[in-house]
1. Could you identify the single residue in Lys436, Lys460, Lys453 that is outside any helix (DSSP H, G or I) and more than 16 Å from the ligand (Cβ to nearest atom)?
2. Quick check on segment 485-506. Is at least one of its residues more than 16 Å from the ligand (Cβ to nearest atom), basic (Lys, Arg), closer than 22 Å to Lys540 by Cα and more than 27 Å from the chain's Cα centre (by Cα)?
3. Hey, among Leu457, Leu425, which residue is of a type outside the set (Val, Ile, Thr) and over 21 Å from Val543 (Cβ atoms)?
4. In the set Ala241, Ala298, Ala276, which member is modelled with pLDDT of 95 or more, more than 16 Å from the ligand (Cβ to nearest atom) and open to solvent by less than 10 Å² (accessible area, probe 1.4 Å)?
5. Would you mention how many residues in segment 8-44 are surrounded by 24 or more Cβ atoms within 10 Å (Cβ to Cβ) and either among the acidic types (Asp, Glu) or in contact with a helix residue (DSSP H, G or I) (Cβ under 6 Å, 6 or more places away or on another chain) (or both)?
6. Which one of these does Val375 not meet: (1) more than 23 Å from the chain's Cα centre (by Cα); (2) within 16 Å of the ligand (Cβ to nearest atom)?
7. Test Phe313 against the stated conditions and say whether it is within 14 Å of the ligand (Cβ to nearest atom), modelled with pLDDT of 95 or more and open to solvent by less than 10 Å² (accessible area, probe 1.4 Å).
8. Do we find a residue being in contact with a strand residue (DSSP E or B) (Cβ under 7 Å, 6 or more places away or on another chain), away from the ligand (no atom under 12 Å from the Cβ) and open to solvent by less than 10 Å² (accessible area, probe 1.4 Å) anywhere in segment 393-409?
Amino acid sequence: MCGIMAYIGKKQATPILLNGLRRLEYRGYDSAGLAVLQNDNLVRFRAIGKVDNLSEKIKNEKLNSTIGIAHTRWATHGGVTENNTHPHSGCDDKLMIVHNGIIENYREIKKELGDHKITSETDTEILAHLIEKNFSGDLKDAVVKSLLLVRGTYGLVAIHAKEPKKMVAARLGSPLVIGIGDEEYFLASDASPILPYTKQVVFLNDGEVAEITENSLQIYNLKDQKVKKKIEELDWNEEQAQKQGFPHFMLKEIFDQPTVFEDAIAGRINFEEGTAVLGGLNMTPEQMKSINRIILIACGTASYAGQVGKFAFERLAGIPTDVEIASEFRYKDPIVDEHTLVFGISQSGETADTLAALREAKRKGAYIRGIINVVGSTIARETDGGTYIHAGPELAVASTKAYTNMVAILILYAIQFGRNNKLSLATGQRLISAIKEIPEKMNLILKQNDKIKEIALKYKEYRDFYFLGRGINYPVALEGSLKLKEISYIHSEAYPGGEMKHGPISLLDEDFPVFAIATKNQLYEKMVSNITEAKARKAKIIVLATEGDEEIKHLTEGVIYVPPTMELLEPLLNTLPLQLFAYYITVALGKDVDRPRNLAKSVTVE
Ligand code: F6R
């Protein structure tokens with residue numbers, strides 16, 4: 001996630017660009033930069049940290065330009081340095097681009113570029129050089145020609161000093177909105193920075209390229225055919241714009257999941273080899289082979305992602321794996337040694353307990369790695385490698401998209417370790433294919449939003465819930481239960497289905513509903529028996545089932561269907577309806593969904 005802002009018109013560009021970046025800062029604030037056209041040359045300014053640093057840097061410059069591009073960065077490829085900050089240029093600073101997304105085949109393109117002088121570690125700079133190479137007088141043609149060679153995702157804006165009155169933008173996977181003013185145009189990653197100037201907008205679709213001058217806008221597809229677009233009138237206020245029209249950040253973040261899942265896996269899977277390639281692991285194949293135990297350390301939702309990871313590591317790599325609650329681990333004098341690999345899993349990368357537990361494991365000689373969302377956070381810096389989950393800023397206190405991306409990365413690590421051990425090529429390839437299908441299947445689930453809402457509303461008056469799951473779906477039950485209790489304040493617990501008869505079942509009656517996860521996997525029949533036991537105690541039952549399972553209907557008042565996938569990947573789909581269920585009950589109860597009482601997004605105290 002990064003933020004793009006661009007302007008072309010008659011006004012002074014610099015203040016518009018800086019104000020726009022400030023509104024996009026929630027998308028990343030590792031560094032910021034802008035380039036404007038000044039006396040027929042492009043001049044660029046970049047600064048580490050927040051937009052204020054950039055503003056400070058240029059406050060004494062006499063900039064007098066009416067066209068410019070700007071970017072606020074959330075580091076993905078390459079560290080947080082000024083050189084890695086956008087805009088990026090070709091060799092001679094005549095062309096500059098800002099880009100949001102990931103160019104997966106940038107290494108291949110780099111090789112083809114020959115003697116181009118590359119000055120950063122970013123995939124974006126490679127794209128800038130490619131466009132520069134393809135430029136022969138027409139910027140739009142150069143951009144289109146280059147994008148046809150690119151694999152990955154992009155929202156990008158390019159300007160060229162030799163075509164000074166033009167701007168070219170393109171989108172595939174990363175959003176771009178064009179605001180239409182009076183002889184002026186604004187471009188941004190979302191509508192919030194455009195709203196102070198105009199409410200008339202065009203949303204670029206995937207595969208579209210816009211050619212913009214101060215008094216013309218023409219959209220093309222990648223076949224260079226003109227595309228007619230509808231101008232839309234926004235009726236959002238500014239906070240709504242940051243939420244991209246969703247009433248709450250939590251709902252927006254639930255709906256972000258298909259996109260950010262793609263960001264998490266982009267460039268990290270290899271179908272031919274049936275494996276994942278997480279370079280950040282920073283271990284040789286021999287070091288990987290020496291690992292005889294994995295420990296996943298985390299808190300809350302991150303630890304439930306870890307529980308899915310445990311299944312994956314044990315099944316695919318055959319390595320015994322434990323999930324440790326960070327606040328417990330640090331005080332139990334843990335047994336770890338140089339054959340133990342410890343992953344700290346954390347959205348914020350700042351959770352005090354997780355950090356302290358990792359330090360303890362490091363002191364005892366284990367390998368320490370991070371699975372983190374926030375780039376440059378303390379845990380990311382203190383671990384000796386690891387992987388960013390690329391979920392983008394998560395602003396709702398209740399974690400949703402970070403959870404699914406943590407699960408994604410854990411599964412990728414398990415595949416990587418598995419392929420380094422005994423996992424067959426065929427199984428590796430089956431997993432990679434199934435992983436690629438996940439975003440599309442997530443979208444199918446999200447399309448059932450209204451139905452899930454309808455079911456949730458029927459249950460809003462109940463004061464207690466059980467969530468049941470077995471095997472890989474027990475962690476899903478734990479996560480569904482935590483989501484419900486933390487935002488709605490309804491009491492809820494999760495149990496493995498088979499454990500009910502050992503105590504918890506005594507609480508069940510007609511006022512104590514059960515949400516059962518009963519997708520078609522090896523434990524399906526067992527789960528159906530557990531549902532039957534709960535129903536016999538008069539509990540109302542909601543079931544999450546696999547598409548096509550008509551049989552299950554006779555056991556339940558409400559069934560939500562999810563598409564089938566490989567058993568190990570089920571949590572990547574099954575969690576989404578539970579997030580929506582918790583969300584809609586909470587909204588119906590009039591509670592503060594995004595800011596539940598007593599909680600904080602980043603828990604930096606013990
Ligand atoms: C629940 C939730 C928390 C966090 C936990 C760890 O929705 O968000 O349980 O998962 O506080 O936080 P991070 O991942 O930042 O270490």
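1. On the way: Lys436 fails: outside any helix (DSSP H, G or I); Lys453 fails: outside any helix (DSSP H, G or I).
Sole residue among the options that is outside any helix (DSSP H, G or I) and more than 16 Å from the ligand (Cβ to nearest atom): Lys460.
2. yes
3. Sole residue among the options that is of a type outside the set (Val, Ile, Thr) and over 21 Å from Val543 (Cβ atoms): Leu425.
4. Only one candidate passes the filter, namely Ala276.
5. Counting residues in segment 8-44 that are surrounded by 24 or more Cβ atoms within 10 Å (Cβ to Cβ) and either among the acidic types (Asp, Glu) or in contact with a helix residue (DSSP H, G or I) (Cβ under 6 Å, 6 or more places away or on another chain) (or both) gives 4.
6. With (1) more than 23 Å from the chain's Cα centre (by Cα); (2) within 16 Å of the ligand (Cβ to nearest atom) applied to Val375, the lone miss is (1).
7. no
8. The answer is yes, given that some residue of segment 393-409 is in contact with a strand residue (DSSP E or B) (Cβ under 7 Å, 6 or more places away or on another chain), away from the ligand (no atom under 12 Å from the Cβ) and open to solvent by less than 10 Å² (accessible area, probe 1.4 Å).
The values are calculated or read from the model by the stated rules, or taken from the named source; none is laboratory data. Note that the structure is a prediction, hence the values are computed from the model and not measured. A quick note on method: Cβ atoms are made from the backbone with ideal geometry, for glycine too, and the neighbour counts reach across all protein chains shown. Please note that ligands, DNA and RNA were not included when accessible areas were found on the heavy atoms of the full protein model with its side chains. Shrake-Rupley method; radii C 1.70, N 1.55, O 1.52, S 1.80 Å.
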